[in-house]
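Asks: The structure under discussion is supplied below as structure tokens; questions concerning it will follow.
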Amino acid sequence: MIYAGNRVFNANNIIATLFVIAGAVLFILKPSDNLPLFIIAVIVAIITTAGQAFYFEITTNELIIKNYLIPFFNFKYKLNEITEVQLLNTNSKSTSKARLKVIRGDKRSLGVNAASLSIKDWQLLVNDLSNKKIPVEIESQGLKETIGIPED
């Protein structure tokens, strides 16, 4: 199952679009003076959006972390190797409700933000991980109060 939420209309993409529009307006007003500002605005938009553009897929054997803006950027984890999945707090600049971190024994993945996921998507992900007997720890304040871990 794929947990992607709304990959087009989410707060992350709206912020990136505002950066690009602001840069474009500056460029249109004075093209020769504002070209560097336009380029900086586009770069900031791409970096901020791509850093939170992750989504998840659970197959019969794997948890796959993908990025909808950078399609070749995938992380694959065998379900039988995962000892825990943590849903951690994000930083103050994130529009995501949580940061997902995969733990395999003593190895920890980077935490990835998924700004496109709604509360419902996060709950479905937690339910499916729990059904596959993968422990989930919810530390994110944005999720802790709204979703739960199903009991066996």
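The values are calculated or read from the model by the stated rules, or taken from the named source; none is laboratory data. The structure displayed is predicted, hence computed values, not measured ones. As a convention, Cβ positions derive from the backbone with ideal geometry for all residues, glycine included, and neighbour counts pool all protein chains shown. Quick note on the areas: whole protein, heavy atoms, side chains included, nothing else; ligands and nucleic acids left out. Shrake-Rupley method; radii C 1.70, N 1.55, O 1.52, S 1.80 Å.
Asks: What spacing in nm lies between the two simple spin-label points modelled at GLU62 and ALA24, each 7 Å away from Cα in the Cβ direction?
Replies: Simple spin-label model gives 3.7 nm for this pair.
Asks: Oh, and also: Which of the pairs LYS76/LYS120; LYS76/LYS144; LYS97/LYS144; LYS101/LYS132 have their Cα atoms more than 20 Å apart in this structure? All intermediate terms of the calculation are to be shown ahead of the outcome.
Replies: Working: LYS76/LYS120 23 Å; LYS76/LYS144 26 Å; LYS97/LYS144 10 Å; LYS101/LYS132 17 Å.
The answer is LYS76/LYS120; LYS76/LYS144.
Asks: Okay, next question. Cβ under 9 Å from ILE58's Cβ, ILE58 left aside: what net charge do those residues give with Lys, Arg +1 and Asp, Glu -1? Provide the component values of the computation, followed by the final result.
Replies: Working: positive: LYS132; negative: GLU57, GLU62, ASP128.
Within the 9 Å Cβ shell, the charges total -2.
Asks: Which value, in Å², gives the accessible area per residue of the chain when a 1.4 Å probe is used on the protein heavy atoms?
Replies: Numbers: 8760 Å² over 152 residues.
Accessible area per residue: 58 Å².
Asks: In whole percent, what relative contact order does the range 1-93 give with Cα contacts below 8 Å and a gap of six or more residues? Working shown, then result.
Replies: Numbers: 101 pairs, mean separation 22.2, N = 93.
This gives 24 percent for the range 1-93.
Asks: Quick one: the Cα spread of the range 1-48 along its three principal axes, in angstroms, biggest first?
Replies: If we take the Cα atoms of the range 1-48, the spans are 49, 15, 10 Å.
Asks: Compute the separation of the alpha-carbon centres of the range 129-148 and the range 57-108 and state it in Å as a whole number.
Replies: Here the two parts' Cα centres lie 13 Å apart.
Asks: Looking at the chain, do any whole DSSP H helices span at least 24 angstrom along their long axis by alpha carbon and average 0.5 or above on Kyte-Doolittle, and which?
Replies: Numbers: long enough: 11-29 (27 Å, 2.24); 31-50 (28 Å, 1.71).
Span-like helices, by this rule, are 11-29, 31-50.
Asks: Something else: Which value results for Rg/Rh of the range 74-152 when Rg is the Cα radius of gyration and Rh the Kirkwood radius based on the inverse mean 1/r? Please list the in-between numbers first.
Replies: Values: Rg = 12.0 Å, Rh = 12.8 Å.
A ratio of 0.94.
Asks: Express the relative contact order of the range 41-152 as a whole percentage, based on alpha carbon pairs under 8 Å and six or more residues apart in sequence.
Replies: Working: 193 pairs, mean separation 25.8, N = 112.
This gives 23 percent for the range 41-152.
Asks: What Rg and what Dmax come out for the chain when only alpha-carbon atoms are used, in angstroms?
Replies: Using the Cα atoms of the chain, the pair Rg, Dmax is 17.7, 64 Å.
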